[in-house]
Every structure is written in C-alpha cells, then in structure tokens.
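The values are calculated or read from the model by the stated rules, or taken from the named source; none is laboratory data. No experiment lies behind these values; they were computed from the predicted model shown. Reconstructed Cβ throughout: ideal geometry from the backbone, glycine too, with neighbour counts over all protein chains shown. What goes into the accessible areas is simple: the full protein's heavy atoms, side chains included, and nothing from ligands, DNA or RNA. Shrake-Rupley method; radii C 1.70, N 1.55, O 1.52, S 1.80 Å.
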Amino acid sequence: EAPIRLDHPNIVRMLDSGTLADGNPFMVMEYIAGYSLNKVLRGSGKLPFDFIAHVTESVTDALSAAHSQKILQRDIKPANIMLTPQEENFERVRLIDFGIARVEDSRLAEETKAFVSIGTLQYIAPEQLEGKLAQTRATDIYAFAIVIYQMLTGKLPFEPHNPVEMFVM
C-alpha cells in the first residue's frame, strides 16, 4: 500500500498491482537504471560535500512526502537509495524498498506492528531496537542521519555484530 499512496519524483513508482488468477498478489514497480548509494560508499569512502547535500535534500524530500501520507519506510540505508546518472547535474536520487513500511490507517492490510524491532541493524533507531516505543518519523530520520554520517566520514558510527552489541552501543 505504501507505494500506491506515494507519488514523488524521489520515490520508486508503482506501475500496477493486483491479484493473479491463482490468488497470489503482484506488484509491478518501475525499473531504475543505475546503482545504489551503497555501491558508491564501498568504492569511495568519504564523498564530496555537494554530492552529500544533493542526496540529503532528495531523500529528505522523499521522506517528507512519505511521512505526510503517514508512511514510515523503516529501513533507510544506502542499499535502499538508488542513483541514476543524468547527462547534466547530479544523479537522480530515489528511495526504494517500502517492503517493511508501516502504513498508518491502512485500507488494504492490518497495520504493521509498531513495537517490533525491524530494520537493518547498523541503521536502526534506538526506539526501534528496544521495541518499547511506538515508531515515529524520528525512526526514519535517525536512520538517514546514520547514512549522512557514513557519507561524510566513510564509516559507520556503530559496527555491531549482533543486536545485543548494538543495544549496548
């Protein structure tokens, strides 16, 4: 339901959805030619400030659009930020993978659990890891702040091997 509600140039578009004859649901999303921010970070370490500013503006615009529709992406990480080269200017930036998104006031499915620790460990917000507080927009903002830190420094602020280590950190 998240991609159905979202129509923003920095968010992957859903082209079609429905149910197959055998009862299985399907979704068709746009193909994004390009590469992930994860690939750029693996090859570069620290990135140029103007590139970081462009990615930051694009992703925060996408998150603002999602949050205005009461959607939490809940898995912000470099692998879910796609870059498409452009002839002029910087790459086009798009946020992808709303597979574990929480859609408030969902009309298609039961609301996903707000108290479940879900996401990618290195980017998970403390409240998400603890599973005690209802997740809010701050969950996505925290995760993206980790991505910004990684773009600026070339490394992650925390590198745990398991959830217990991350909890302690």
Filtering segment 130-161 for residues that are out of contact with any Asp or Glu (no Cβ under 7 Å at 6 or more places or on another chain) and among the polar types (S, T, N, Q) leaves a count of 3
Condition set buried (at least 19 other Cβ atoms within 10 Å of the Cβ) and modelled with pLDDT under 90, scope segment 67-96, selection farthest from Asp140 (Cα to Cα): answer is Ile96
Scanning segment 147-169 residue by residue, those part of a helix (DSSP H, G or I), open to solvent by less than 90 Å² (accessible area, probe 1.4 Å), free of Cβ contacts under 8 Å to residues at least 40 places away in the same chain and not aromatic (Phe, Trp, Tyr) turn out to be Glu165
The correct count of residues that are under 17 Å from Val12 (Cβ atoms), among the polar types (S, T, N, Q) and in contact (Cβ under 8 Å) with a residue 60 or more places away in the chain in segment 38-88 is 3
